[in-house]
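**Q** After the structure tokens below, expect a handful of questions from me.
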Amino acid sequence: MPTVLILGAASDMAVAIAKKYASKGFNVQLAARNPSRLQALQSDLNIRYNINCTLHEFDALNYESHQAFFDRLAPKPDQTICVFGYLGDNETARTNWSESAKIIHTNYTGAVSILNVVSNYYASQKSGIIVGISSVAGERGRQSNYLYGSAKAGFTAYLSGLRNRMFHENVHVASIQPGFVYTAMTANMKLPPLLTAKPEDVANTVFKAATKKKNTVYVKWFWRWIMLIIKSVPEFMFKKLKL
Ligand SMILES: NC(=O)c1ccc[n+]([C@@H]2O[C@H](COP(=O)([O-])OP(=O)(O)OC[C@H]3O[C@@H](n4cnc5c(N)ncnc54)[C@H](OP(=O)(O)O)[C@@H]3O)[C@@H](O)[C@H]2O)c1
């Protein structure tokens, strides 16, 4: 039975991804801060899908722990899905370095730290699949969320480079670009229903990207075109917009 590791497993998206993989016969390793709160999900997956779901303590910001965290996993996962992230408050972050650092380090540094460990192992095995959840926010900086967006831009570029390196090691790396998704992260935002995906849509996209070895996938296809339009607005006009 194949095994999937889900990093940031308490999020709504991660729960949907865990259910999707369990329904396809994968054993699931749920990694999160305070993983004991995931016991109900663990039991549900074990009983409903007759798989082996295990819980693992993981903090993306505790870089020094990442190698030991991965070394302890038995079996090693066939696939690793990097879901964790932190939107933060852009306005607070402008004057508060610890908020800026938390946004940058959760979305970029922490992801790089753990995926370096995972990818080195997969390279040594000449097999494995990595899926990273980035964001369309990384495609052009906007005044409302450029700290989060710049960290996701870095993560998107990291995944692209990793995909290029890992291709030669028989390891696939997929980048997922969600637009808006209904989750705890966006619970206090008024989102346009037509443009907004559900966590289950993300889960289906992740599974398909991994299975069909897709490179970059937009959860809702039209976000690729929305971002193309946004990116094509000339800078002298873009800087005047309130986005
Ligand atoms: N929702 C959207 O519209 C949207 C759009 C584009 C991209 N995304 C991306 O999708 C991913 C999932 O987001 P979501 O919407 O499901 O948000 P969410 O509900 O806020 O989930 C974020 C998860 O990241 C975890 N996390 C944060 N810091 C962590 C750390 N230091 N170590 C380990 N885990 C940590 C949180 O853990 P705790 O439960 O312990 O706090 C939480 O479970 C994120 O990468 C996000 O940036 C979301």
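The values are calculated or read from the model by the stated rules, or taken from the named source; none is laboratory data. If you're wondering where the values come from, they're calculated on a predicted model, not measured in any experiment. Cβ: placed from backbone, ideal geometry, glycine included. Neighbour counts: every protein chain shown.
**Q** Output the helices (runs of 4 or more DSSP H) that fall wholly within the range 127-243 and possess 1 or more residues being under 24 Å from S113 (Cα atoms) and of a type in the set (F, W, Y), or say none.
**A** 146-167, 199-211
**Q** Only residues in the range 7-34 that are within 25 Å of T186 (Cβ to Cβ) and modelled with pLDDT of 95 or more count as the first member; pair them with residues that are near the ligand (Cβ under 6 Å from one of its atoms) and of a type in the set (D, E, K, R), Cβ under 6 angstrom, at least 6 apart or cross-chain, and list the lot.
**A** R33/D59
**Q** Taking F69, is it more than 14 Å from V83 (Cα to Cα), in contact (Cβ under 8 Å) with a residue 12 or more places away in the chain, crowded, with 16+ Cβ neighbours inside 10 Å and not polar (S, T, N, Q)?
**A** When the stated conditions are applied, F69 passes them.
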